[in-house]
Amino acid sequence: MSSTIVRLKDITKFFPGVTALRSMDLELKRGEIHGLIGENGAGKSTLIKVLTGIHAPDQGEIELDGKKIIFLCDVVTVMRDGERVITKPSSDITKDELVTYMVGRKMENYYPHIDFHVKDTALEVKNLTRYGSFEDVSFTADYGEILGFSGLVGAGRTEVCRCLFGADPIDSGEIYVKGRKVSFKKPKDAIKAGIAFVTEDRKGQGLVLSQSVSRNICLANLRKFSKLFVDDKAVDRQAKKSVETFRIKTPSIETETATLSGGNQQKVVIAKWFHSDADIFIFDEPTRGIDIGAKLEVYAVMKQLADAGRCVIMISSELPEILGICHRVIVMREGHIMARIDRDSVHFNQEDIMRAAWGGALEDE
């Protein structure tokens, strides 16, 4: 009996305006756990859909002798731009090598070096309370910094930021933007005050999936592109510029956003706010569910915003991400702030941040 259980030969799959798979070869063997790795848009999901019969290949053959569902890897195949890059035993390849194969270039650092030039206070929150979500939350966020919010799921981080964006009402407390006390009844008020919110729910709240890439990119700033009517040419010019700047993989700017990979959808959400008039940017779990290459590009955007003197607030459950890119971190637990930790503090490490997130006290420096 042959050890090969599935063999794909010269598999090619076209979609309107894009080649999703190009002459893809792959062998799966009995008793082997095989990992399929690549950036969002590399073709992984399309390959699996071809393998399971959801999509018919436009070219090539599949030889099949049974299937199994597998979770740990003995062998990995890396894909990029619809093609197989390499297949190797997992024991013979390092994480850095995987990233290099995935993105097509050697990555020296996962997180960009940022020289924080912190300026005036952009946002001040005093004793903010929303009953059942969080209580007595106070902090400041400055221009030129990236302020991280860390904590366990349900700590209240997202709920605080939704109130800052006017998506949910507060029960008590005060919010100051550029020194001026504000009261947001709805997101439109926060947008006018210069606040942008990149939500963690990009599909449900960040995008209109049925609309084109072009329309989504310009949604947050339609006033710029309209007088009596929307200037479609101006919208398209901005959309094309954003697709190039953020390296959004899409057949065209008129492509329906729902058809993009998760990482490229996230880039559309960020592009939507990047070219707005906002100077306070809130990112809620911005790298969740996207590949390493897309994560690096999100970090680069945050660095660019901080370097330009804008205020960046990032909620993240990824501690290496918090430590790698943030100037300060606020740790929350069950709706309360447990710790405020500066980058130069002895507590700026995974162990102490987790200790605070679990309710433990940090020793005075």
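The values are calculated or read from the model by the stated rules, or taken from the named source; none is laboratory data. Because the structure is predicted, anything quoted here is derived from the model rather than measured. Note: ideal-geometry Cβ built from the backbone for every residue, glycine included; neighbour counts use all protein chains shown.
Just one of (1) among the basic types (Lys, Arg); (2) assigned to a loop (DSSP other than H, G, I, E, B); (3) within 17 Å of residue 269 (Cα to Cα) fails for residue 185. It is (3).
Would you say residue 211 is under 20 Å from residue 18 (Cα atoms) and either surrounded by 21 or more Cβ atoms within 10 Å (Cβ to Cβ) or touching a residue at least 60 places away in the same chain (Cβ under 8 Å) (or both)?
For residue 211, the condition - under 20 Å from residue 18 (Cα atoms) and either surrounded by 21 or more Cβ atoms within 10 Å (Cβ to Cβ) or touching a residue at least 60 places away in the same chain (Cβ under 8 Å) (or both) - is not met.
In the stretch 106-141, the residue that is surrounded by the fewest Cβ atoms within 10 Å (Cβ to Cβ) out of those that are modelled with pLDDT under 95 and of a type in the set (D, E, K, R) is 108. In the stretch 352-365, the qualifying residues are those that are part of a helix (DSSP H, G or I) and either among the aliphatic types (A, V, I, L, M) or at pLDDT below 90 (or both), and the one that is surrounded by the fewest Cβ atoms within 10 Å (Cβ to Cβ) is 354.
Could you grab me the full set of residues in the stretch 171-185 that are in contact (Cβ under 8 Å) with a residue 24 or more places away in the chain, under 23 Å from residue 310 (Cβ atoms) and charged (D, E, K, R)?
To start, the set of residues in the stretch 171-185 that are in contact (Cβ under 8 Å) with a residue 24 or more places away in the chain comprises 171-179.
Subset that is under 23 Å from residue 310 (Cβ atoms): 174-179.
Hits for the stretch 171-185 are 174, 178.
Among all positions in the stretch 134-143, there is at least one residue which is closer than 25 Å to residue 336 by Cα and touching a helix residue (DSSP H, G or I) at 6+ places or on another chain (Cβ under 7 Å).
Given 188, 181, 233, which one is among the charged types (D, E, K, R) and under 24 Å from the mean Cα position of the chain (by Cα)? Give the derivation first.
Values: 181 fails: under 24 Å from the mean Cα position of the chain (by Cα); 233 fails: under 24 Å from the mean Cα position of the chain (by Cα).
Exactly one residue qualifies, and that residue is 188.
When residue 161 is tested against (1) free of Cβ contacts under 8 Å to residues at least 12 places away in the same chain; (2) in a helix (DSSP H, G or I); (3) in contact with a strand residue (DSSP E or B) (Cβ under 9 Å, 6 or more places away or on another chain); (4) not β-branched (Val, Ile, Thr), exactly one condition is not met: (1).
Against the test of being in contact (Cβ under 8 Å) with a residue 60 or more places away in the chain and over 15 Å from the mean Cα position of the chain (by Cα), the options 275, 347, 327 yield a single qualifying residue, 327.
Mind checking which residues of the stretch 86-119 are in a helix (DSSP H, G or I), closer than 14 Å to residue 292 by Cα and polar (S, T, N, Q)? Step through it out loud before you land on a result.
At the first step, the residues of the stretch 86-119 found to be in a helix (DSSP H, G or I) are 90-92, 95-103.
Among the residues that remain, those that are also closer than 14 Å to residue 292 by Cα are: 95-103.
100, the sole residue that qualifies.
Here is a list: 338, 314, 332. Which entry is over 28 Å from residue 301 (Cα atoms) and either buried (at least 21 other Cβ atoms within 10 Å of the Cβ) or of a type in the set (A, V, I, L, M) (or both)?
Numbers: 314 fails: over 28 Å from residue 301 (Cα atoms); 332 fails: over 28 Å from residue 301 (Cα atoms).
Among 338, 314, 332, only 338 is over 28 Å from residue 301 (Cα atoms) and either buried (at least 21 other Cβ atoms within 10 Å of the Cβ) or of a type in the set (A, V, I, L, M) (or both).
Looking at 197, 139 in this structure, which one is aromatic (Phe, Trp, Tyr) and closer than 30 Å to residue 252 by Cα?
Numbers: 139 fails: closer than 30 Å to residue 252 by Cα.
None of the others qualify; the one that does is 197.
Only one of the numbered conditions (1) within 30 Å of residue 247 (Cα to Cα); (2) touching a Lys or Arg at 6+ places or on another chain (Cβ under 6 Å); (3) not basic (Lys, Arg) is violated by residue 78, and that is (2).
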